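The values are calculated or read from the model by the stated rules, or taken from the named source; none is laboratory data. All values reported here derive from a predicted model rather than from experimental measurement. All Cβ positions, even for glycine, are placed from backbone atoms using ideal geometry, and neighbour counts span all protein chains on display. Note: accessible area is taken over every heavy atom of the protein model, side chains too, but ligands, DNA and RNA are not part of it. Shrake-Rupley method; radii C 1.70, N 1.55, O 1.52, S 1.80 Å.
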Amino acid sequence: MDGAGGARGRWLAVAAWAVTRAVLLLCVLKVLVLPGPDVTTDVSVIYHGWAEVLRTGTFPLDDVTWQYPPAAALAVLSPGLLPFLGYAPAFSLLVLVADAATLALFLRAGRRPGHRAAGAWVWIAGVALLGPTGYARYDLMVTAVAVAALLAAARRPRVAGALIAFGTLLKVWPALLLTGAALRGRRARALWRSAAGTGAGLTLCFVAAAPGALAFLTFQRDRGTEVESLGGLVFHLARHYGWDGRVLLNYGSVEFLGPGVPLVSTAAVMLSGAALGWLVLWRTRARRFTRATPADAAFTATLLFTTTSRVISPQYLLWLVGLAAVCLAVRGSRQTPAAVLVLLAAGVTLLEFPVHFADVVASNPFGVALLAVRNGLLVAASLLACRRLWTATGAGRRGTAGGGSGLRRASAPRTVTAPAAASHRPATAG
C-alpha cells in the first residue's frame, strides 16, 4: 500500500501487534495464567541452568536435553545483556525486541515493489495464535534471523548467506532456506560463498572457544517418539487397545517408550528421507524460478521436515508462521492456502499445549482429537505446499530441468513469469 492508506495500514498493524504482544507478556509474566503446565519453566529453570554452565567455559555436556548447535549458547546467555533484570524477564524482553524487529522487516518489505503488507499480518496473527509458548522459547529469535535472511536474499545475497549460516548454527532448520536458492550467477555465488564461509568460520570459533560445541550431533540419536508428533498418534490410539508402553519425560520432552516405538521412530526418519527425496526431485525438475520461489521452497521444505519429525514441539509452529509470512509478503507466492492452514494449526496448538496438554498426555479422546486436527492440518498444508510449489515452477512439464538460467533469473530483483525465461511442558528438545 502507498500514501495515507498505506500509513494507516502500517499503524493499524503496529497497534494490533502491541495489543497482542501485551497479552502474551502478561501470560509469560504470570499476570494472566492459562490452564495447563507452566510454559515458562524452560526459561526460568532449564535455560537459566544452561547459562550458568556456559559461563564456566563449557557447553552443558552432562545434560542430554542440550541438543542444540553451538550458537544457541548466545541466545541462552543473552539475558546477561540486561543485568538489571532477572533472567526470565530479561529473556522475555529480548524476545519482544526480536518480535518487534521482525514486524519492522515485514512492514518495510511491504513498501517495496513486488511485495505486499500481508506478511506483517500473518506474523502478527500467527505468533498471537500460538500463545505464550512463543515468548517462552528462543525459537522466535531464530525465526527472526530466518525471516531477515529470506527478505535480504534478492538485494543483499552476502548478508542473506551469513544470516542463513548463523541461523543454522542457532537451530539447524534455517539451512532449509537454501532449498530454493539459485545455483548459478553472481548473486548466487555470493550467497553460497557467504553461507559457507560464515558457517565454517563461526563453527571453528565455537569449537575453539569451549569443549562440546558439536555434541548436539549425537545427543538426539536415542530419542523416542514425542506424544505430539504424527507418529505419536499411533500410540495414543494403541493405548486404548492394550498397548503396554509408557509416557515419560525423555530427552527434554514427553515421549512414548515401549513396544513398537523404535519402529515408528524409524518410519518417521524414513518419511523425512522421502521428503528429502521429493525436494531433490523437485529441484531437478523445476523449470521456472520467480522472486517468490526461494520463500515458497523454504516454507515447503520446513513444513515437510516438521511434519515428519519424531518431535513436533509447539514452538516449531513459529518457524512455519515466519516462513508463511515471508511467502505472503512476496507477490507471486502460491502458498497462501498452505499458510492459512499453518495459522489454523497454530491456533489448535495453543489448545493442545498448554491448555489441554494433560488430556494429550493421558491419551484422552478430546486431547487425541485436538492433536489429530493439528497434525492433520500440518499434513494437509505439507501436501498442498508441495503441489503448489511443483506446479508454480513447472516441475511437471517436459523439457530441460531448471538448474541453469532460470536459477540465475531467480537471483535477479525482478519477477520471472514466462516459461521461456527458464532456459518447535518441557519442550527443551524442540
Expected sort for 9-19, 350-360 on mean C-beta neighbours within 10 Å, highest first, is 350-360, 9-19
State in Å² the accessible area per residue of segment 186-225; use a 1.4 Å probe, count heavy atoms of protein chains only, and round to the nearest integer. 58
Modelling each spin label as a point 7 Å along the Cα-to-Cβ direction, I'd like the ARG184/ALA15 distance in nm, to one decimal. 5.2
Which ³J(HN,Hα) values, rounded to whole Hz and listed in residue order, are derived for segment 122-129 from phi using the Karplus coefficients 6.51, -1.76 and 1.60 in 6.51 cos²θ - 1.76 cosθ + 1.60 with θ = phi - 60°, glycine and proline given as x? 4, 5, 4, 6, x, 5, 5, 5
By per-residue mean of other Cβ atoms within 10 Å, what is the highest-first order of 88-100, 203-215? 88-100, 203-215
Note on segment 251-385: the mean projected area of its alpha-carbon convex hull, in nm², is 8.7
To two decimal places, what compactness ratio does segment 169-254 give when its Cα radius of gyration is scaled by 2.2 N^0.38 Å? 1.67
The chain, accessible surface, carbon-and-sulfur percent (1.4 angstrom probe): 68
Cβ-Cβ FRET estimate between ALA100 and ASP244, R0 fixed at 41 Å, reported to 0.05: 0.25
Using the heavy atoms of the protein chains and a 1.4 angstrom probe, tell me the accessible area per residue for segment 250-301 in square angstrom. 37
Hey, can you rank 121-130, 388-397 by average C-beta count inside 10 Å, highest first? 121-130, 388-397
In debye to the nearest 20, how big a dipole does the chain give about its Cα centre with +1 on each Lys and Arg Cβ and -1 on each Asp and Glu Cβ? 2800
With every protein chain left in place, what is the accessible area per residue of segment 70-140 in square angstrom, probe 1.4 Å? 33
Using just the helices of the chain, give the 222 nm mean residue ellipticity in deg cm²/dmol: DSSP H runs with n ≥ 4 each add -39,500 (n - 2.57), and the total is spread over all residues, rounded to 500. -18500 deg cm²/dmol
From a point 7 Å beyond the Cα of ARG387 in the direction of its Cβ, which residues of segment 325-341 have a backbone N at a distance under 11 Å? 338
Work out the P(r) tail for the chain: percent of alpha carbon pairs separated by more than 35 Å, whole number. 27
From the gyration tensor of the Cα coordinates in segment 1-119, what semi-axes in whole Å does the equivalent ellipsoid have, largest first, with each one equal to sqrt(5λ)? 35, 18, 12
A student asked for the Cα radius of gyration and Dmax of segment 31-188 in angstrom ought to give 17.2, 53
Give me the log10 of I(q) over I(0) for segment 22-78 at q = 0.16, 0.23, 0.28 Å⁻¹, as the Debye formula computes it from C-alpha points; what are the numbers? -0.59, -0.89, -1.10
Sorting VAL23, VAL368 on solvent-accessible surface, 1.4 Å probe, most exposed first, gives VAL23, VAL368
Mind listing the phi-derived Karplus ³J(HN,Hα) values for segment 328-338, rounded to whole Hz, using 6.51, -1.76 and 1.60 with θ = phi - 60°, and x for any glycine or proline? 6, 7, 9, 5, x, 5, 9, 9, 4, x, 5
Once you sort the root eigenvalues of the Cα gyration tensor of segment 244-293 as a ≥ b ≥ c, which label holds: rounded (a/c under 1.5), prolate (a/b larger than b/c) or oblate (the other case)? prolate
